[in-house]
1. Pick from segment 77-94 the residues that are touching a residue at least 40 places away in the same chain (Cβ under 8 Å) and in contact with a strand residue (DSSP E or B) (Cβ under 8 Å, 6 or more places away or on another chain): which of them is surrounded by the fewest Cβ atoms within 10 Å (Cβ to Cβ)?
2. Out of curiosity, is residue 60 loosely packed, with under 15 Cβ neighbours inside 10 Å and within 23 Å of residue 130 (Cβ to Cβ)?
3. For residues in segment 106-136 being out of contact with any helix residue (DSSP H, G or I) (no Cβ under 6 Å at 6 or more places or on another chain) and within 13 Å of residue 75 (Cα to Cα), which is surrounded by the most Cβ atoms within 10 Å (Cβ to Cβ)?
4. Just to verify a result, which residue in segment 137-163, among those that are out of contact with any helix residue (DSSP H, G or I) (no Cβ under 7 Å at 6 or more places or on another chain) and buried (at least 19 other Cβ atoms within 10 Å of the Cβ), is nearest to residue 115 (Cα to Cα)?
5. Only one residue in 8, 68 is at pLDDT 95 or above and assigned to a loop (DSSP other than H, G, I, E, B), so which one is that?
6. Sort out which residues of segment 17-32 are surrounded by 16 or more Cβ atoms within 10 Å (Cβ to Cβ) and touching a helix residue (DSSP H, G or I) at 6+ places or on another chain (Cβ under 6 Å), and write them in order of number.
7. Looking at residue 103 and the list (1) farther than 24 Å from residue 44 by Cα; (2) surrounded by fewer than 19 Cβ atoms within 10 Å (Cβ to Cβ), which single condition is not satisfied?
8. Checking the condition farther than 16 Å from residue 92 by Cβ and free of Cβ contacts under 8 Å to residues at least 60 places away in the same chain, which residue from 152, 137 passes?
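The values are calculated or read from the model by the stated rules, or taken from the named source; none is laboratory data. Everything quoted here is computed from the prediction, not taken from an experiment. Neighbour counts run over all protein chains shown; Cβ positions are idealised from the backbone, glycine included.
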């Protein structure tokens, strides 16, 4: 499944081509590597260290091929990997993880990818952030369609909304 679209009010001139594509099983290694970059980026907020094999490791990775409510997507820009979105569908759907590589940040890539993912799973949504990740909270509050409800969960802020 491949989708290309933007957000309402998006300035489409910022990025030539943002694509959201389902991760296939034979792409698992690429997703695993991108997860390592993501976990490294978060390590200053989470305090995580690499394990004895030099990797952070993502506990739920295999579940994206065995559980029907888990969906993994690559974010690509001009046919290059730019990040990923991991979604748990349901009521509400949940943005389990979302990552845009630094090179592509502040260029509309994350906004367009997030809106595409929201559109793929219409209905109730929630997006959670770590309490210490104030940049993520600001990003999500600027991207999520209004109206949304702010709240908190065990890890920090959460926004709930309907698409």
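1. 79
2. Yes.
3. 113
4. 144
5. 68
6. 18, 20, 23
7. Going through the list (1) farther than 24 Å from residue 44 by Cα; (2) surrounded by fewer than 19 Cβ atoms within 10 Å (Cβ to Cβ), residue 103 breaks only (1).
8. 137
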